Amino acid sequence: MCGIVGYCGRLNAQDVVLNGLEKLEYRGYDSAGISVLDNNILKTKKRAGRLENLEDALKDDPFTGNIGIGHTRWATHGIPNEINAHPHLNSDGTISVIHNGIIENYGELKDELLSKGYTFKSETDTEVIAHLLDFYYKDNFFDAVTNTVKRLKGAYALVMLCQKEPDTLIAVRHESPLIMGVSKENGCILASDIPSVLEYTRDVIYLDNDEMVVANLDGYKIYDKDLKEINKKSEKVEWDLEAASKEGFDHFMIKEIFDQPKAIEDAIKNKMKDDEINLELGSFTKEELENINRIYVVACGTAYHAGQVGKFAIEHFTKIPVMTDIASEFRYNSPFIDDKTLLILVSQSGETADTLAALREGKKHGAKVLSVTNVVGSSIARESDKTLYCYAGPEISVASTKAYTTQLIALYFLALDFAKKLGKISDDEVKNVINELKALPEKIASMLKDLTPYQEIANEIKEAKSIFYLGRGVDFISAKEGALKLKETTYIHTESFPAGELKHGSIALIEEGTNVFSIATQSKLIEKTASNTQELASRGAHVYSIGRVGDKSLEKYSNKVIYVPESLDILMPVLTVIPEQLIAYYTSLAKGNDVDKPRNLAKSVTVE
Ligand code: M6R
């Protein structure tokens, strides 16, 4: 998703902006650009492709100046090329704008501007903003911005410059993430995410919807939606840039896979006090829980899979039925929401547009909203009634790994907390589950000691055209997560099935040599899955099974069995996903893919 950085201060704006954009590369992008007010002249440069292309272009002709904006674009309207890259300019190049989000009424606005004689260079929705700013500019940039944003429908975080007011930068946020790092010495940096500012300051202001920032070399002012000046306190960011660097690993994905033992340990520690579950502000009271008669878990992608395991866990421990839905479907599915509904949202970034929209839909109908997220201060965290943090540390690789396992931990704790408060579980059982949870980091560490089996499998499957994943019960959710991880990093077509459903159609796809991953870790279901695996093996499938240590039943029908350590059935997804993540990582490398930034994908999906 697009990354934006705006700078106003005593440092060289080009350096701060490029540095900030580098820190946002993880979000995924296909072109980059920058504008700087250089000796009162607005200068702009853009390049298709990587940020290095832009940096190279600036080497021979650098911009100097203290106010600048920069952007990495993830194409939505128009192909990824130099013309469609941001910043976008008005016709005489004196107004510059960068934008993250989507302007839904841009077609209408474009027609209006065309009829007024404006001409367009790009295919983007953003260019209408530059021309609208031009149209509304009389002698005051602030007024031009406020009149322009009144016309926009959709989602936007905007940072804008105007050559006629060369000491000012203006930013505004509506439904797209925007934060501002502030420092007396270094000035202010507006950015889509915190890593962009950490080299200059740890003091961050989280902008809310419809707030506007006007910054110059003497400082900044923040205005609310009624254009009233407001005071907002900055918050200290406690984590380090170090935590967002590769620390000697070749890629973020493998680093983040290896982070998991520690991340899970932290996730557990932060949900306990004096050996008891303590979710602090992340849960509800017994009375509040007794008043709930319907639970939904809603999320996207990997977070949705975590939510589905969460459903199994809540149902297992509380015996209360839980419904799950994909966030992009939820609000259009006419869900039954009222003030007795609990809506649980799961989102690593806390900024996913569809999940945020589901949250708002829930709140509109009176639901109580609890979010499980990794990013403190994110929109989802701020708009939820309760928030349970994952404590995974920054996750940079687009393929989610440690966020998933720590989301699972958060959801297990939530399930235990609910069950305990509602009297559905004994103290001994809680203790036992917690001991098993605490044993997971060491078990994962043991699985990370020998990586050869995963590398071998990667080499065996790298040329496959299609790979199937199957499992039963909660193993089916692990199958779905394994299939998604492999698909997004390797671009191999993968599909997941409940093992028993195969013979109702999809078994027709199995032929000599078809690769199948069969997940069989649930004690009561192992035999059943083994017999489905046999059906596949007898039709020539090449079967990789993932089973529990000591269980020999899968060997007979599998070409290879990957053994994972024993745990409680309900906790097995935390362990099962480790080989899946490693196989996805090594297969992506074997295919020569950019594993941390797979094609067409973005880390934080902030558009619908
Ligand atoms: O930030 P979120 O957890 O809300 O993101 C949800 C999905 O976009 C995300 O999990 C996506 O599926 C990952 N690329 C999976 O690895």
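The values are calculated or read from the model by the stated rules, or taken from the named source; none is laboratory data. Note that the structure is a prediction, hence the values are computed from the model and not measured. Please note: Cβ atoms are built from the backbone with ideal geometry, for glycine as well, and neighbour counts cover all protein chains shown. For accessibility, only protein heavy atoms count, side chains too; no ligands or nucleic acids. Shrake-Rupley method; radii C 1.70, N 1.55, O 1.52, S 1.80 Å.
Do you know which residues across segment 526-546 are out of contact with any helix residue (DSSP H, G or I) (no Cβ under 7 Å at 6 or more places or on another chain) and either crowded, with 18+ Cβ neighbours inside 10 Å or more than 19 Å from Glu501 (Cα to Cα) (or both)?
Ile526, Leu536, Ala541, His542, listed by residue number.
Inspect all residues belonging to segment 64-79 and state whether any of them is basic (Lys, Arg) and touching a residue at least 40 places away in the same chain (Cβ under 8 Å). Show your work before the answer.
Our first condition is that a residue be basic (Lys, Arg); within segment 64-79, this holds for 73.
If we keep only those that are touching a residue at least 40 places away in the same chain (Cβ under 8 Å) as well, we get 73.
Yes, there is a match, as at least one residue in segment 64-79 is basic (Lys, Arg) and touching a residue at least 40 places away in the same chain (Cβ under 8 Å).
Given the condition under 34 Å from the mean Cα position of the chain (by Cα) and open to solvent by 60 Å² or more (accessible area, probe 1.4 Å), answer yes or no: does some residue in segment 492-500 qualify? Spell out the reasoning first.
Kept after step one, since they are under 34 Å from the mean Cα position of the chain (by Cα), are these residues of segment 492-500: 492-500.
Subsequent filtering for residues that are open to solvent by 60 Å² or more (accessible area, probe 1.4 Å) retains 493, 495.
The answer is yes, given that some residue of segment 492-500 is under 34 Å from the mean Cα position of the chain (by Cα) and open to solvent by 60 Å² or more (accessible area, probe 1.4 Å).
Let's see how each residue does on (1) within 16 Å of the ligand (Cβ to nearest atom); (2) more than 16 Å from Phe413 (Cβ to Cβ); (3) of a type in the set (Lys, Arg):
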{"site": "Glu256", "(1), (2), (3)": "yes, yes, no"}
{"site": "Glu276", "(1), (2), (3)": "no, no, no"}
{"site": "Ala299", "(1), (2), (3)": "yes, yes, no"}
{"site": "Gly310", "(1), (2), (3)": "yes, no, no"}
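Limited to segment 571-581, what total is found for residues that are more than 14 Å from the ligand (Cβ to nearest atom) and either open to solvent by 50 Å² or more (accessible area, probe 1.4 Å) or within 21 Å of the chain's Cα centre (by Cα) (or both)?
Applying the first criterion (more than 14 Å from the ligand (Cβ to nearest atom)) to segment 571-581 yields 571-576, 578-579.
Cutting the leftovers down to either open to solvent by 50 Å² or more (accessible area, probe 1.4 Å) or within 21 Å of the chain's Cα centre (by Cα) (or both) gives us 573-574, 578.
Looking only at that region, the number is 3.
Pick from Glu527, Glu512, Glu481: which is modelled with pLDDT of 90 or more and part of a helix (DSSP H, G or I)?
Details: Glu527 fails: modelled with pLDDT of 90 or more; Glu512 fails: part of a helix (DSSP H, G or I).
After ruling out the rest, the residue left standing is Glu481.
When you check Glu463 against the structure, is it without any contact (Cβ under 8 Å) to a residue 12 or more places away in the chain and surrounded by fewer than 16 Cβ atoms within 10 Å (Cβ to Cβ), yes or no?
Working: without any contact (Cβ under 8 Å) to a residue 12 or more places away in the chain: yes; surrounded by fewer than 16 Cβ atoms within 10 Å (Cβ to Cβ): yes.
It is true that Glu463 is without any contact (Cβ under 8 Å) to a residue 12 or more places away in the chain and surrounded by fewer than 16 Cβ atoms within 10 Å (Cβ to Cβ).
What residue, of Lys552, Lys487, is modelled with pLDDT under 90 and either outside the structural domain of Met253 (by TED's automatic domain parsing) or in contact with a Phe, Trp or Tyr (Cβ under 9 Å, 6 or more places away or on another chain) (or both)?
Values: Lys487 fails: modelled with pLDDT under 90.
Only one candidate passes the filter, namely Lys552.
Which residue is farthest from Ser397 (Cα to Cα), if the candidates are limited to segment 588-599 and must be in a loop (DSSP other than H, G, I, E, B) and touching a residue at least 24 places away in the same chain (Cβ under 8 Å)?
Here is the first cut: in segment 588-599, the ones in a loop (DSSP other than H, G, I, E, B) are 591-599.
Narrowing the set further to residues that are touching a residue at least 24 places away in the same chain (Cβ under 8 Å) leaves 591, 593, 595-599.
Details: Lys591: 17, Asn593: 13, Val595: 8, Asp596: 5, Lys597: 7, Pro598: 9, Arg599: 12 Å.
Only one residue tops the list, namely Lys591.
Can you find a residue that is farther than 17 Å from Glu481 by Cβ and either out of contact with any strand residue (DSSP E or B) (no Cβ under 6 Å at 6 or more places or on another chain) or not small (Gly, Ala, Ser) (or both) anywhere in segment 401-410?
No: segment 401-410 contains no residue that is farther than 17 Å from Glu481 by Cβ and either out of contact with any strand residue (DSSP E or B) (no Cβ under 6 Å at 6 or more places or on another chain) or not small (Gly, Ala, Ser) (or both).
Residue-by-condition table, conditions (1) among the hydrophobic types (A, V, I, L, M, F, W, C); (2) touching a Gly at 6+ places or on another chain (Cβ under 8 Å):
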site	(1), (2)
Leu525	yes, yes
Thr529	no, yes
Tyr563	no, yes
Tyr586	no, no
Ala602	yes, yes
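Considering each residue of segment 127-155, count those that are open to solvent by 10 Å² or more (accessible area, probe 1.4 Å) and farther than 18 Å from Gly219 by Cβ, and give that number. Please lay out each step first, then the result.
Residues of segment 127-155 open to solvent by 10 Å² or more (accessible area, probe 1.4 Å): 134-140, 142-143, 146-147, 149-155.
Remaining after also requiring farther than 18 Å from Gly219 by Cβ: 134-140, 143, 146-147, 149-155.
Here the count works out to 17.
If a residue must be closer than 19 Å to Ser196 by Cβ and near the ligand (Cβ under 10 Å from one of its atoms), how many such residues does segment 367-402 contain?
6
Could you identify the single residue in Ser115, Ser96, Ser91 that is touching a residue at least 40 places away in the same chain (Cβ under 8 Å), open to solvent by 60 Å² or more (accessible area, probe 1.4 Å) and on the phi < 0 side of the Ramachandran plot?
Working: Ser115 fails: touching a residue at least 40 places away in the same chain (Cβ under 8 Å); Ser96 fails: open to solvent by 60 Å² or more (accessible area, probe 1.4 Å).
Exactly one residue qualifies, and that residue is Ser91.
Those residues that are within 16 Å of the ligand (Cβ to nearest atom) and on the phi > 0 side of the Ramachandran plot, I need them from segment 582-608; list them, please.
Within segment 582-608, Asn600 is the sole residue that qualifies.
Inspect all residues belonging to segment 347-354 and state whether any of them is under 13 Å from the mean Cα position of the chain (by Cα), within 16 Å of the ligand (Cβ to nearest atom) and charged (D, E, K, R).
Initial filter on segment 347-354 (under 13 Å from the mean Cα position of the chain (by Cα)): 347-354.
Still in the list and also within 16 Å of the ligand (Cβ to nearest atom): 347-354.
Applying the additional criterion that residues be charged (D, E, K, R) yields 351, 354.
Checking segment 347-354: at least one residue is under 13 Å from the mean Cα position of the chain (by Cα), within 16 Å of the ligand (Cβ to nearest atom) and charged (D, E, K, R).
A quick yes/no check of all residues on (1) assigned by TED's automatic domain parsing to the domain that holds Ile578; (2) within 30 Å of Asn19 (Cβ to Cβ); (3) touching a residue at least 60 places away in the same chain (Cβ under 8 Å):
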{"residue": "Lys236", "(1), (2), (3)": "no, yes, no"}
{"residue": "His251", "(1), (2), (3)": "no, yes, yes"}
{"residue": "Phe258", "(1), (2), (3)": "no, yes, yes"}
{"residue": "Pro261", "(1), (2), (3)": "no, no, yes"}
{"residue": "Asp266", "(1), (2), (3)": "no, yes, yes"}
{"residue": "Asn270", "(1), (2), (3)": "no, no, yes"}
{"residue": "Ile277", "(1), (2), (3)": "no, no, yes"}
{"residue": "Tyr296", "(1), (2), (3)": "no, no, yes"}
{"residue": "Tyr304", "(1), (2), (3)": "no, no, no"}
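With modelled with pLDDT of 95 or more, touching a helix residue (DSSP H, G or I) at 6+ places or on another chain (Cβ under 6 Å) and more than 21 Å from Thr124 (Cα to Cα) as the only criterion, which of Glu211, Glu165, Glu229 stands out?
Values: Glu211 fails: touching a helix residue (DSSP H, G or I) at 6+ places or on another chain (Cβ under 6 Å); Glu229 fails: touching a helix residue (DSSP H, G or I) at 6+ places or on another chain (Cβ under 6 Å).
Only one candidate passes the filter, namely Glu165.
Looking for whichever is modelled with pLDDT of 90 or more, within 31 Å of the chain's Cα centre (by Cα) and open to solvent by 30 Å² or more (accessible area, probe 1.4 Å) here; the options are Leu601, Leu568. Which one fits? Spell out the reasoning first.
Working: Leu601 fails: modelled with pLDDT of 90 or more.
Going through Leu601, Leu568 in turn, just one is modelled with pLDDT of 90 or more, within 31 Å of the chain's Cα centre (by Cα) and open to solvent by 30 Å² or more (accessible area, probe 1.4 Å): Leu568.
Limited to segment 164-186, what total is found for residues that are open to solvent by 20 Å² or more (accessible area, probe 1.4 Å) and either small (Gly, Ala, Ser) or not assigned by TED's automatic domain parsing to the domain that holds Glu235 (or both)?
1
Where in segment 1-77 are there strands (runs of 3 or more DSSP E), lying wholly inside it, with at least 3 residues that are surrounded by fewer than 24 Cβ atoms within 10 Å (Cβ to Cβ)? Even if it seems obvious, please write down each step before you answer.
Details: elements: 3-8, 31-38, 41-48, 67-73.
In segment 1-77, 41-48 are the strands (runs of 3 or more DSSP E) which contain 3 or more residues that are surrounded by fewer than 24 Cβ atoms within 10 Å (Cβ to Cβ).
Taking the residues in segment 446-460 that are of a type outside the set (D, E, K, R) and open to solvent by 40 Å² or more (accessible area, probe 1.4 Å) as candidates, determine which candidate is farthest from Glu495 (Cα to Cα).
Within segment 446-460, the subset of a type outside the set (D, E, K, R) is 446-448, 451-455, 457-459.
Those still in the list that are open to solvent by 40 Å² or more (accessible area, probe 1.4 Å) too: 446, 452-453, 455, 459.
Values: Ser446: 29, Thr452: 25, Pro453: 22, Gln455: 21, Asn459: 20 Å.
Going through the qualifying residues, I end up with Ser446.
Of the conditions (1) touching a Ser or Thr at 6+ places or on another chain (Cβ under 8 Å); (2) closer than 27 Å to Ala357 by Cβ; (3) assigned to a strand (DSSP E or B), Val159 fails just one. Which one is it?
The number of the failed condition is (1).
How many of the residues in segment 275-323 are hydroxyl-bearing (Ser, Thr, Tyr) and over 30 Å from Ala602 (Cα atoms)? Explain how you work it out, then say what you get.
Pass one, segment 275-323, residues hydroxyl-bearing (Ser, Thr, Tyr): 283, 285, 296, 302, 304, 318.
If we keep only those that are over 30 Å from Ala602 (Cα atoms) as well, we get 283, 285, 318.
Matching residues across segment 275-323 total 3.
Does Lys121 satisfy being free of Cβ contacts under 8 Å to residues at least 40 places away in the same chain, in the same structural domain as His71 (by TED's automatic domain parsing), part of a loop (DSSP other than H, G, I, E, B) and surrounded by fewer than 20 Cβ atoms within 10 Å (Cβ to Cβ)?
Yes, satisfied.
Considering segment 563-608 alone, what residues qualify as being more than 30 Å from Leu416 (Cα to Cα) and β-branched (Val, Ile, Thr)?
Ile583, Thr587, Val595, Val605, Thr606, Val607 - these are the residues of segment 563-608 that are more than 30 Å from Leu416 (Cα to Cα) and β-branched (Val, Ile, Thr).
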